[in-house]
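The values are calculated or read from the model by the stated rules, or taken from the named source; none is laboratory data. Everything numeric here is computed off the predicted structure, so don't read it as measured data. Positions of Cβ are generated from backbone atoms using ideal geometry, with glycine treated the same way; all protein chains shown enter the neighbour counts. Note: accessible area is taken over every heavy atom of the protein model, side chains too, but ligands, DNA and RNA are not part of it. Shrake-Rupley method; radii C 1.70, N 1.55, O 1.52, S 1.80 Å.
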Amino acid sequence: MTKTWRAIGLMSGTSLDGIDAALIETDGVRVSAFGPTATTPYAPELRSRIKTVLRAEARTDEITALERDLTDANAAAVHALLTDGGIAADTVDVIGYHGQTINHRPDLGWTWQLGDGPRLAGAVGIDCVHDLRGADVAAGGQGAPLAPVYHRALSADLDMPVCVLNLGGVANVTFLEAADADPVAFDTGPASAMLDDWISEHDAGDCDRDGAISVAGTVDDAALARMLDHPYFTAPYPKSLDRNDFDAGPVAGLSLEDGAATLARFTIDTVAMGIGLLPVRPNRVLVTGGGRHNPTLMRGLARKLGIQVDAVEDVGWNGDALEAQAFAFMAVRSRLGLPISFPGTTGAPRAMTGGRFAQVLV
């Protein structure tokens, strides 16, 4: 009989919002049940320290301390999920712990996610799979995106071809041509990260809430053209980006609203360019990530693409928990020796499993 695993996934994305936690039950191929989910926002002080590291302004001892504190924050998120869900830790088989990416340079053969897997396992009493990108990058892959294997599991009963678009800090697409085919995936360009940073730098909040700022502005065509004139967008996939690969220099000097409108259009146009690279045009685009809450982005994508664009909730998925669930799913696949990345998703030389195992010491 095939074992059903109970797994928790932890995800902290490039938008630096906080920690998403989710529990699923799975055999590593399909998901049989969805458990509780929770989001724990980063404390302002912790978020500030992460940004210092991202700007390469932190000392080694500061990075070490940050990794410890981030791990402890993830442990607290697990404890809260278990307590609120009435779940005993000894009924959970494994945790998939992504950690916080602070640098991603697959072109140099490395990727860096802050997170101490053994410390987390010891703090919560549950075995942990961590460093889920490292093996792929070491083998010559991009190490991202990794969620496509989970998108495929969820999409088995959907009409194909379909595209899952994640509008997180960076935007990425998963293309599924058939239920039994390996997925194709890649980063299309910046998404929420640049827009959020722009708004934060203008003391106008921490994001373009409800698209209200970007919808009030006018796109600066010259600035947009400068940003779009980059070889990444026409390069063949698979390909991936770091949060800091692009900056808002071309919109410097614009008003808050015009800069936001231009950055939103930048995301829309680069997603469209990415989908234009696919071998077959999808029938539908399902959008996950925080950007799906931005009406300016969602309306703009529907107009630009000319195909059906829906939030993933329209097919019964939880867009706030999807990536955390994905890392729970990948942790189980890692323990089973099943692949989590593919030549068409990361450029890995073959379908590959990944992750390092941290076992609770009794």
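Taking the listed residues Asp61, Asp20, the one that is of a type in the set (Asp, Glu), farther than 18 Å from Val129 by Cα and out of contact with any Cys (no Cβ under 6 Å at 6 or more places or on another chain) is Asp61, with no other qualifying. What number of residues within segment 212-234 are open to solvent by less than 30 Å² (accessible area, probe 1.4 Å), closer than 20 Å to Val170 by Cα and among the small types (Gly, Ala, Ser)? Matching residues across segment 212-234 total 2.
The requirement of being part of a strand (DSSP E or B) and either of a type in the set (Phe, Trp, Tyr) or under 24 Å from Lys239 (Cα atoms) (or both) is fulfilled somewhere in segment 18-37, by at least one residue. Taking the listed residues Leu254, Leu263, Leu301, the one that is out of contact with any Pro (no Cβ under 9 Å at 6 or more places or on another chain) and not in a loop (DSSP other than H, G, I, E, B) is Leu301, with no other qualifying. Looking only at segment 353-362, residues that are part of a loop (DSSP other than H, G, I, E, B) and either open to solvent by less than 10 Å² (accessible area, probe 1.4 Å) or touching a residue at least 60 places away in the same chain (Cβ under 8 Å) (or both) come to 6 in all.
There is no residue in segment 174-183 that is in contact with an Asp or Glu (Cβ under 9 Å, 6 or more places away or on another chain), open to solvent by 10 Å² or more (accessible area, probe 1.4 Å), modelled with pLDDT under 95 and within 14 Å of Tyr237 (Cβ to Cβ).
Answer yes if at least one residue in segment 296-309 is hydrophobic (A, V, I, L, M, F, W, C), surrounded by fewer than 15 Cβ atoms within 10 Å (Cβ to Cβ) and modelled with pLDDT of 95 or more, and no otherwise. Looking through segment 296-309, at least one residue is hydrophobic (A, V, I, L, M, F, W, C), surrounded by fewer than 15 Cβ atoms within 10 Å (Cβ to Cβ) and modelled with pLDDT of 95 or more.
In segment 120-128 there is at least one residue that is buried (at least 21 other Cβ atoms within 10 Å of the Cβ), more than 24 Å from Gly189 (Cα to Cα) and either small (Gly, Ala, Ser) or at pLDDT below 95 (or both). Here is the figure for segment 213-244: residues that are touching a residue at least 24 places away in the same chain (Cβ under 8 Å), of a type in the set (D, E, K, R) and under 29 Å from Gly143 (Cα atoms) total 4.
Of all the listed residues (Gly85, Gly28, Gly18, Gly99), the sole one being touching a Pro at 6+ places or on another chain (Cβ under 6 Å), touching a residue at least 24 places away in the same chain (Cβ under 8 Å) and open to solvent by less than 20 Å² (accessible area, probe 1.4 Å) is Gly18. Checking segment 56-74 against the condition returns a match, with at least one residue being over 26 Å from Gly291 (Cα atoms) and open to solvent by less than 10 Å² (accessible area, probe 1.4 Å). Kindly list the number of the only condition in (1) modelled with pLDDT of 95 or more; (2) open to solvent by 20 Å² or more (accessible area, probe 1.4 Å); (3) closer than 22 Å to Gly337 by Cα; (4) touching a Pro at 6+ places or on another chain (Cβ under 7 Å) that fails for His151. If we test His151 against (1) modelled with pLDDT of 95 or more; (2) open to solvent by 20 Å² or more (accessible area, probe 1.4 Å); (3) closer than 22 Å to Gly337 by Cα; (4) touching a Pro at 6+ places or on another chain (Cβ under 7 Å), just (2) comes out false. Within segment 1-14, restricting attention to residues that are in contact (Cβ under 8 Å) with a residue 12 or more places away in the chain and more than 19 Å from Leu132 (Cα to Cα), the residue that is surrounded by the fewest Cβ atoms within 10 Å (Cβ to Cβ) is Thr2.
Just to be sure, is Ala193 out of contact with any helix residue (DSSP H, G or I) (no Cβ under 9 Å at 6 or more places or on another chain), open to solvent by less than 30 Å² (accessible area, probe 1.4 Å) and not in a loop (DSSP other than H, G, I, E, B)? So Ala193 passes the test.
Checking Asp258, Asp269, Asp247 one by one, the residue that is closer than 25 Å to Arg105 by Cβ, acidic (Asp, Glu) and open to solvent by 10 Å² or more (accessible area, probe 1.4 Å) is Asp247 and no other. Kindly indicate whether any position in segment 331-352 is open to solvent by less than 10 Å² (accessible area, probe 1.4 Å), of a type in the set (A, V, I, L, M, F, W, C), modelled with pLDDT of 95 or more and part of a helix (DSSP H, G or I). Checked segment 331-352: at least one residue is open to solvent by less than 10 Å² (accessible area, probe 1.4 Å), of a type in the set (A, V, I, L, M, F, W, C), modelled with pLDDT of 95 or more and part of a helix (DSSP H, G or I). A search for C-beta distances below 8 Å between a residue of segment 48-64 that is under 17 Å from Thr14 (Cβ atoms) and any residue that is of a type outside the set (Lys, Arg) and open to solvent by 60 Å² or more (accessible area, probe 1.4 Å), counting only pairs 6+ apart in sequence or on different chains, returns Arg49/Glu62; Thr52/Glu62; Val53/Glu62; Leu54/Asn244.
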